[in-house]
Structure formats: C-alpha cells, structure tokens
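To start, the structure under review is shown below, and the notes come after it.
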Amino acid sequence: MFVVLDGEVSISVPAVDGETKIIAHHRRFEFSGELNLLNSQGSLVDARTVAPSRLLRISRNDLQRLMRAEGEIANLITQATIWRRIGIISEAVGGVVLTGHAEDAETTELQRFLIRNNYPHRIVEAPLEDAALRDDGLSDLQPTLPAVLLSDGRTLHRPTVAELADELGITELPDPHTIYDVIVVGAGPAGLAAAVYAASEGLCTLVIEGTAPGGQAGTSSKIENYLGFPTGISGNRLASRAQLQALKFGVRFAISRDVVSSEQVGGIHKLKLAGGISVCARSVVIASGAQYRKLAVENYGQFENHGIYYAATAMESLLCREREVIVVGGGNSAGQAAVFLSSIAKHVHHLVRGKSLASTMSQYLISRIENSSRITLYTESEIVKLEGGPSLESVAWISRQSGDVTVKPIGSVFVMIGAEPNTGWLFNVVKLDKKGFILTGGTEGFEMTPYATSVPGMFAVGDVRSSSVKRVASAVGEGSVVISDVHRYLADQRNSFAVEPRSALAALRSASAATPSPAET
Ligand SMILES: Cc1cc2nc3c(=O)[nH]c(=O)nc-3n(C[C@H](O)[C@H](O)[C@H](O)COP(=O)(O)OP(=O)(O)OC[C@H]3O[C@@H](n4cnc5c(N)ncnc54)[C@H](O)[C@@H]3O)c2cc1C
C-alpha cells in the first residue's frame, strides 16, 4: 500500500481501444490498493505519480499488523477494497480476457472459476468455426482454446483451473515450513465461519479449498432462510463477504487445491495437497461438505436453482403453488417432500428408479403417497429431457417398463437421491458412518462436543458431519462454535506436549518420504 504524503498518483486500467483509462486519483493522505491488499493477487491497475510526490510504502506484513491492531482503520481499508474491486469489475476491461466458446465445458469451467472468485475478466466468444472443430472432437486441431490473456500480455492456452489460480494469485501457496494453529479444509459456509472465528481469536489459520469459496451455498442464486437477510442473499455474495472478513483477520487461502491425504505424528497433522505440497498444523477443522447426487441428464447444470432443487421447504414450495411438480427419489427425504408438496402444488409426479418404494421408504410415507389423489407414483422411471431457458419449462421422463415417454410443462423438479460426503481423503484416517459422513463426538476429553472426530485435534463441522442439519445457518453455526473446542484442544496440547513440534515435523517428513499416501496408492 502506498499512502500519498504529498503530490498525486493516478490509477488507470487498460481501455478497450488499447489506450489506458484513468479511474482514480489519489491525493494527500489517500492510499492505493484494492482487494489485492488483503491477498496475494497481482495488481490489476497501473499507478503513476503525476506530480512531484512523497509516498509512504507499507509492506503487506505491516499492513496486516496495522489492521489487526486498529479496528477503525481496518474497516475503512476493507470497505475501500470492496468498492474499488467492484469499480474495476464494472469497468469490464481490467483483469484477464477469456477467449473460448460459451458452450465449451472447459471455457465454462474457467469462467465459473473467475466469477466465483470475483476476478475481473472479459469473455470473448471465439469464431464459431473454431468451436465447431472442438465439438467434432477434433480438438487437436484447435489446441489453443480456451485461452486466457493475462494483464502482462502473456497468454495461457487451455490452462487448468489450478494453473490459472496460481498465475492470478488466487491460490496463495501455503508455507510448508509453518506449523499453523489450525487448518480449515473447505471454504463453504462452515469452513469460512471457522476461519473467521479462528483468525479473529488470534489463531494462525490456513484455509484449503478445492474449488472456490462458498461451497454448495456458493451455487445458490438466493438464500432466503439465512438470518439477517430478509430479501435473501446470493450464495456467492455471502461467501465473498465472509472471505473478505477472514482476509481482514489475516487468514491465508489456498484456493483450487484439494487435500488428498492426512496423517498425524506427535500431535502435528500433515495434510498433503493435490500437486504435492504438504502443510502442517496443530489442529484441523474438516468442513469439506457434501455434494448432492445429480441426475445424468443433458442441460442439468443450467437449471440448478432455476427449476431443479435439492430441498423442499416452505421457501421452495412458494415456487410451485398450484403448479405441477416432480419429486425424484425413493428414500424418506423424497417421500417427505412429495407429501409436503402435495398440500401446496397442483399435482406431484413422484419418480423412482426401483420397482417399488417398499425397501427404501418408511411404510407411513408409502401409505400417504398411495392414498393421496394429488401424488402419482411412477416406478422404474427416469427423467430423460429438461428444456427451457433461463428457467426450467418442460420435463420428459421415460417408463423403463413400457418405454412410454411422458412430456409435461413442469418448472420445478425436486431431486432427492441423497448426498455424498467429500471424505474420500479421510478413509482410514477418521471414523466414518456407513454412508461415509464423519462420526463426531468421540475422542477422550471431547466426548461432550458434537464436533470432535475419532482423531485428537481433528474436528468436523457442517454437511460433512454425520447427522448434521444440511443448511447454511447450521453450517455457519457449527463452524463458529467449533473454534472454542480448538482453543481448548490447543491449550491441552501446550500443557501436555510430549514431542517437540519441530521434531514431530521432522518425523512426519521422513515417514511420508518412505510411505505413499492412500490417495497416491
Ligand atoms: C443448489 C443448492 C442450494 C441450496 N440452498 C440452500 C438454501 O437456500 N438455504 C440453506 O439453508 N441451505 C441451502 N443449501 C444447502 C447448503 O448450501 C449446505 O448445507 C451448506 O453449503 C453446507 O456448508 P458446508 O460448509 O458444510 O459444506 P459445503 O458448502 O459443501 O462446502 C464444502 C467445501 O469444501 C470443499 N472441499 C471438498 N473436499 C475438499 C478437499 N478434499 N480439499 C479442499 N476442499 C474441499 C468444496 O469444494 C466446498 O467448497 C443449498 C445447497 C445447494 C446445493
């Protein structure tokens, strides 16, 4: 950060015509910088003195110390970083240029990554003939798209999300020599809450996130049941605010890096990230969430939150009053949804793949479904087509028994075929329930907390935890509350640490050099 003591600094971005456009002037006692004051992203703008000037340069470390010590100043800087980043995004010329084809999956993946990380960018549609080559599977002839033009003039051809994240500084590669007080795995609502509470209470905190902050909630266009937002808030906005809050308190973020394995020696946890880096911490909060199972139907992603829902609460039910809806799934959650929606919707079409509900659903729900004139059960049936734009308008399903296809103008489909926990990296590490969710409430001294896993110093919060309530508010609540357990654990550790952290670290390094991780095998 530069503070202007005397003189003037002008801030400019590249303009569409190849010239530069001045977007701000900083004069006496004003300061430079935007969101990248708080993270490690490179500069998106140019700055130059336009009069004889005297500037005070504040290093990143000093700025962080200042922000921790001076709340008012920290809030002022945080506000400025938000508004300045919004200003740069609205200029739509700063940042990077993504060239590709809108219907190409790689282009969409990069675009989604930039949007979810609020990174300024502009999309340029590639000529159609280029896209046609790729659609025909002749991608070798067009190996260059999608392409990302960086602000320094270099072009990345078909970068992976991780390569792009590294290049833009969205990933802060963690320091392998630091022993963090706490590493939070996953930056959904639970992980972000844990990070904010941990760092604000003085813990040296690293968040590792495989995709982008926000988790499942980040994909929701409007969350209407989160306290304090009477007109709702988009998941992405909620996540960026929370991330900013965490950055303000000094949390480090390693985005687009999955944790692939974990081990513990002498009280120190070593997490290995995709790409090979390892990081160590005294405690770990697992907030890696879950993924709702999805249907394998074309255009499915386009209608998520625009007609395809994973919960049937009063909020979703408002969308289907006096309309026909579809519920998919043979378990109790699907049965409850069908019964609940039948009191609001005009008619519920309930689709299951199995021959009957008997083996998967409670009898009382089966009876209600069978006795309701507002629910029709279709066994051995599957959705085969979704149409509409931008919201879902029409659904076709097939009876595997008769081969008949039914098409109806329906705009709401409730997909309730279960959720899969993101715990692949934890097999043989912590105890899981039979569906793979983490069992908690177990280790000695922590029997009374609902968040301790079977491994001392590892805690689990949010959707990844067995029997958790799958909601944004409960994930945030758990993420906030778990930090008091982490403090208690770290205090116990300090009092009874048998192995010096440094020697534990050395032991971990030599152990892992000899043994391949579960993910590697
Ligand atoms: C479309 C949709 C709409 C929803 N709408 C609502 C709503 O309106 N109201 C409501 O209350 N709830 C809603 N929910 C549910 C709510 O979003 C979840 O309950 C909540 O996000 C759970 O938070 P979490 O932090 O526990 O997990 P998640 O949100 O699942 O976040 C987990 C994070 O961990 C990351 N991760 C996973 N594995 C790894 C790994 N190995 N290494 C690093 N990172 C990893 C993931 O990329 C992800 O970002 C919705 C869910 C969906 C899918």
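The values are calculated or read from the model by the stated rules, or taken from the named source; none is laboratory data. If you're wondering where the values come from, they're calculated on a predicted model, not measured in any experiment. Methodologically, a virtual Cβ is constructed for each residue, glycine included, from the backbone with ideal geometry; neighbour enumeration extends over all protein chains shown. With ligands, DNA and RNA removed, areas are computed over all heavy atoms of the protein, side chains included. Shrake-Rupley method; radii C 1.70, N 1.55, O 1.52, S 1.80 Å.
Would you calculate the convex hull of the Cα atoms in the chain and tell me its volume per residue in Å³? Intermediate values should be presented prior to the final figure.
Values: hull volume 97.6 nm³, N = 521.
Cα convex hull per residue, to the nearest whole number: 187 Å³.
Could you tell me which of rounded, prolate or oblate describes the range 1-103, using a ≥ b ≥ c as the square roots of the eigenvalues of the alpha-carbon gyration tensor, with rounded for a/c under 1.5 and, failing that, prolate when a/b is larger than b/c and oblate otherwise? Walk me through the intermediate numbers first.
Working: a/c = 2.47, a/b = 1.39, b/c = 1.78.
Since a/c reaches 1.5 but b/c is at least a/b, the shape of the range 1-103 is classed as oblate.
Quick one: ranking His25, His177 by accessible area, 1.4 Å probe, largest first, what do you get? Don't skip to the end; give the middle numbers.
On the way: His25 80, His177 115 Å².
Correct descending sequence by accessible area is His177, His25.
I want the local charge near Gln243. Using Cβ-Cβ distances under 13 Å, sum +1 for each Lys or Arg and -1 for each Asp or Glu among the other residues.
Working: positive: Arg85, Arg116, Arg237, Arg241, Lys248, Arg252; negative: Glu172, Glu209.
Taking every Cβ under 13 Å from that of Gln243, the sum is +4.
Roughly how far apart, in whole Å, are the Cα centres of the range 234-265 and the range 352-426?
35
Loop-only GluC sites (Glu not before Pro) in the range 61-102, please: DSSP not H, G, I, E or B, and at most 14 other Cβ atoms within 10 Å. Display every interim value, and only then the final one.
Working: sites: Glu70, Glu72, Glu91; in loops: Glu70.
Answer in residue order: Glu70.
Over the alpha carbons of the range 241-332, what is the largest minus smallest coordinate on each principal axis, giving the biggest first in Å?
60, 32, 27
Quick check: net charge around Leu5, other residues with Cβ under 12 Å of its Cβ, Lys/Arg +1 and Asp/Glu -1?
Numbers: positive: Arg27, Arg28, Arg54, Arg57; negative: Asp6, Glu8, Glu30.
Taking every Cβ under 12 Å from that of Leu5, the sum is +1.
Quickly estimate the mean residue ellipticity at 222 nm for the chain, helices only: each DSSP H run with n ≥ 4 gives -39500 (n - 2.57), and the total goes over all residues, rounded to 500. Present the calculation step by step, with values, prior to reporting the outcome.
Working: 13 runs with 152 residues, N = 521.
Per the formula, -9000 deg cm²/dmol.
Binned at 5 Å from 0, what are the whole-percent values of the Cα-Cα distance distribution for the range 301-348, short to long?
5, 23, 34, 25, 11, 2
Heavy atoms only, probe 1.4 Å: what % of the accessible area of the chain goes to carbon and sulfur, would you let me know? Before the final figure, lay out the partial values.
Values: 13140 of 25240 Å².
Its accessible area is 52 percent carbon and sulfur atoms.
State to the nearest 20 debye the size of the charge dipole of the chain about its Cα centre, where the only charges are +1 on K and R beta carbons and -1 on D and E beta carbons. Could you put the intermediate results ahead of the total?
Working: 48 positive and 54 negative charges, 266 e Å.
That gives a dipole near 1280 debye.
If I model the range 222-279 as equal point scatterers sitting on the Cα atoms and use the Debye formula, what is log10 I(q)/I(0) at q = 0.18, 0.20, 0.29 Å⁻¹?
Scattering profile of the range 222-279, log10 relative to I(0): -0.80, -0.85, -1.07.
Express the accessible area of the chain per residue in Å², computed with a 1.4 Å probe while the remaining protein chains stay in the model. Can you show the working numbers first?
On the way: 25240 Å² over 521 residues.
Per-residue accessible area for the chain comes out at 48 Å².
Averaging sequence separations of C-alpha pairs under 8 Å and six or more residues apart, then dividing by the length of the chain, give the relative contact order as a whole percent. Working shown, then result.
Values: 1067 pairs, mean separation 62.3, N = 521.
It rounds to 12 percent for the chain.
Just to confirm a number: summing +1 for Lys and Arg and -1 for Asp and Glu over residues other than Gly436 whose beta-carbon lies under 15 angstrom from that of Gly436, what do you get?
Surrounding charge for Gly436 is +3.
For the range 401-489, just the Cα set please: Rg and Dmax, both in angstrom.
Rg then Dmax for the range 401-489, in Å: 18.3, 61.
Nearest 5 percent is fine: what portion of the DSSP beta bridges confined to the chain is antiparallel? Don't skip to the answer; put the middle values down first.
Numbers: 48 of 86 bridges.
The antiparallel fraction comes to roughly 55 percent.
When the scattering of the range 161-201 is computed by the Debye formula from its Cα atoms alone, each counted once and equally, what is log10 I(q)/I(0) at q = 0.20, 0.23, 0.25 Å⁻¹?
-0.80, -0.94, -0.99
Count neighbours as other Cβ atoms within 10 Å of each site's Cβ, and list the trypsin sites (Lys or Arg not before Pro) in the range 251-317 that are DSSP loop with at most 16 such neighbours.
Working: sites: Arg252, Arg257, Lys270, Lys272, Arg282, Arg293, Lys294; in loops: Arg257, Arg293, Lys294.
For trypsin sites (Lys or Arg not before Pro) across the range 251-317 that sit outside H, G, I, E and B with at most 16 neighbouring Cβ atoms in 10 Å, the list reads Arg293, Lys294.
May I ask you to list the lysines whose Cα is less than 28 Å away from that of Lys435, ignoring any residue fewer than eight positions away on the same chain?
Lys270, Lys272, Lys294, Lys355, Lys470
In angstroms, what radius of gyration and Dmax does the range 319-426 have, counting Cα atoms only?
14.3, 46
Using square roots of five times the C-alpha gyration tensor eigenvalues, list the equivalent-ellipsoid semi-axes of the range 191-260 in whole Å, biggest first. Intermediate results must be reported in sequence, preceding the final value.
Numbers: eigenvalues 97, 49, 13 Å².
Semi-axis lengths for the range 191-260 are 22, 16, 8 Å.
Could you tell me the relative contact order of the range 219-285? Use alpha-carbon pairs under 8 Å, at least six residues apart, and round to a whole percent. Intermediate values should be presented prior to the final figure.
Numbers: 67 pairs, mean separation 11.3, N = 67.
With pairs under 8 Å counted, the relative contact order is 17 percent.
Straight-line reach from Lys222: which aspartates and glutamates fall under 16 Å, measuring Cα to Cα and dropping same-chain residues less than 8 apart?
Glu304, Glu316
Pairs of Cα atoms under 8 Å, at least six residues apart: use those to get the relative contact order of the range 161-315, whole percent.
Relative contact order comes out at 29 percent.
Against the 2.2 N^0.38 Å scaling, with N counting residues, where does the range 232-385 land? I'd like the Cα-based Rg ratio to two decimal places. Write down the numbers at each step before the final one.
Details: Rg = 21.6 Å, N = 154, 2.2 N^0.38 = 14.9 Å.
Normalised by 2.2 N^0.38 Å, the Cα Rg of the range 232-385 equals 1.45.
Specify which residue in the list Tyr378, Ser367, Gly418 is farthest towards the positive end of the charge dipole of the range 355-494, using unit charges on the beta carbon of Lys, Arg (+1) and Asp, Glu (-1), about the Cα centre.
Positive-most Cα among the choices belongs to Ser367.
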